[in-house]
């Protein structure tokens, strides 16, 4: 079975500072990796995902994540955060196996608080 | 695109009452999920449907919970009888066919059982 670890439950950071939200996964097979964001009082929405190819993936609002197979990590980074980035961020993993149903496993989430 | 539509958005009910949460997935999506989110337990998958058929219900807490998907455009999650520990945000989500495809979440139904 796969698992996802987000060690940081909360990350406070000043506006315009860089941020890294950590995500490590455990799986015996190859995986797809996702970051979802949840703004207050809303559902989760996809921020970015890694399926194959380039290990660096980017979102339209300046976030990026790099798949590191040797370290089993998929950390999320942004060089300069805005107030509007205040939200909870969830890392998720799913096996790439083509056989039947493959469950998406979500991490426990990291709350990013951007301080003015 | 209207997105995943859930109703009600907020419900307050008394312990012992029946609660029915409703969901309309995105048209054309053949996978539907019900999740529960609480501070204590985070985001939990309750049940997964594929082509209207329940595939994985291992996350359904107990017999008080039931879910149905009578057709491709409608699903319900029912709690009977409800208990205070059922208070949570319940999300419905849908996804098109494909292993790496995005899961699209509704805005959630906020349930409070008093």
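If I go through the stretch B:83-114 residue by residue, how many of them are under 10 Å from residue B:6 (Cα atoms) and either surrounded by 21 or more Cβ atoms within 10 Å (Cβ to Cβ) or away from chain A (no Cβ under 11 Å) (or both)?
Of the stretch B:83-114, the ones under 10 Å from residue B:6 (Cα atoms) are B:90-93, B:105-109.
Checking the rest, the ones that are also either surrounded by 21 or more Cβ atoms within 10 Å (Cβ to Cβ) or away from chain A (no Cβ under 11 Å) (or both) come to B:90-93, B:105-106, B:108-109.
Counting residues in the stretch B:83-114 that are under 10 Å from residue B:6 (Cα atoms) and either surrounded by 21 or more Cβ atoms within 10 Å (Cβ to Cβ) or away from chain A (no Cβ under 11 Å) (or both) gives 8.
Could you tell me which numbered condition residue A:42 fails, if it satisfies all but one of (1) touching a strand residue (DSSP E or B) at 6+ places or on another chain (Cβ under 7 Å); (2) under 25 Å from residue B:37 (Cα atoms); (3) surrounded by fewer than 20 Cβ atoms within 10 Å (Cβ to Cβ); (4) within 10 Å of chain B (Cβ to nearest Cβ)?
(1)
State yes or no: is residue B:111 modelled with pLDDT under 95 and assigned to a strand (DSSP E or B)? I'd like the intermediate steps shown before the answer.
Values: modelled with pLDDT under 95: no; assigned to a strand (DSSP E or B): yes.
Against the criterion (modelled with pLDDT under 95 and assigned to a strand (DSSP E or B)), residue B:111 does not qualify.
Residue check: is residue B:3 at positive phi, surrounded by fewer than 20 Cβ atoms within 10 Å (Cβ to Cβ), within 12 Å of another protein chain (Cβ to nearest Cβ) and assigned to a loop (DSSP other than H, G, I, E, B)? I'd like the intermediate steps shown before the answer.
Numbers: at positive phi: yes; surrounded by fewer than 20 Cβ atoms within 10 Å (Cβ to Cβ): yes; within 12 Å of another protein chain (Cβ to nearest Cβ): yes; assigned to a loop (DSSP other than H, G, I, E, B): yes.
For residue B:3, the condition - at positive phi, surrounded by fewer than 20 Cβ atoms within 10 Å (Cβ to Cβ), within 12 Å of another protein chain (Cβ to nearest Cβ) and assigned to a loop (DSSP other than H, G, I, E, B) - is met.
Sort out which residues of the stretch A:75-116 are in a loop (DSSP other than H, G, I, E, B), over 10 Å from the mean Cα position of the chain (by Cα) and within 14 Å of chain B (Cβ to nearest Cβ), and write them in order of number. Show your work before the answer.
Taking the stretch A:75-116 first, the residues in a loop (DSSP other than H, G, I, E, B) are A:79-82, A:86, A:96-104, A:107-109, A:116.
Now drop any that are not over 10 Å from the mean Cα position of the chain (by Cα), which leaves A:79-82, A:86, A:96-104, A:108, A:116.
Selection gives A:96, A:97, A:98, A:99, A:100, A:101, A:102, A:103, A:104, A:108.
Give me the residue from the stretch A:10-39 that is under 19 Å from residue B:103 (Cβ atoms) and surrounded by fewer than 18 Cβ atoms within 10 Å (Cβ to Cβ) and, out of that set, modelled with the lowest pLDDT. Quick ask: steps written out before the conclusion?
From the stretch A:10-39, those under 19 Å from residue B:103 (Cβ atoms) are A:23, A:25, A:27, A:31-39; that's our starting set.
So of that shortlist, the ones also surrounded by fewer than 18 Cβ atoms within 10 Å (Cβ to Cβ) come out as A:27, A:39.
Values: A:27: 85, A:39: 95.
Looking at the filtered set, the residue picked out is A:27.
Of all residues in the stretch A:45-71, which are surrounded by 19 or more Cβ atoms within 10 Å (Cβ to Cβ) and either in a loop (DSSP other than H, G, I, E, B) or within 14 Å of chain B (Cβ to nearest Cβ) (or both)?
Residues of the stretch A:45-71 surrounded by 19 or more Cβ atoms within 10 Å (Cβ to Cβ): A:47-50, A:57, A:63, A:65, A:67.
Of everything in the stretch A:45-71, those that are surrounded by 19 or more Cβ atoms within 10 Å (Cβ to Cβ) and either in a loop (DSSP other than H, G, I, E, B) or within 14 Å of chain B (Cβ to nearest Cβ) (or both) turn out to be A:47, A:48, A:49, A:50, A:57, A:63, A:67.
Hey, does the stretch B:14-32 have a residue that's part of a strand (DSSP E or B), within 11 Å of chain A (Cβ to nearest Cβ) and within 30 Å of residue A:52 (Cβ to Cβ)?
So in the stretch B:14-32, the residues part of a strand (DSSP E or B) come out as B:19-24, B:31-32.
Next, from what is left, pick out any that are within 11 Å of chain A (Cβ to nearest Cβ): B:31.
Now narrow it down to the ones that are within 30 Å of residue A:52 (Cβ to Cβ): B:31.
The answer is yes; a qualifying residue exists.
The values are calculated or read from the model by the stated rules, or taken from the named source; none is laboratory data. None of the values given here were measured: they were computed from a predicted structure. All Cβ positions, even for glycine, are placed from backbone atoms using ideal geometry, and neighbour counts span all protein chains on display.
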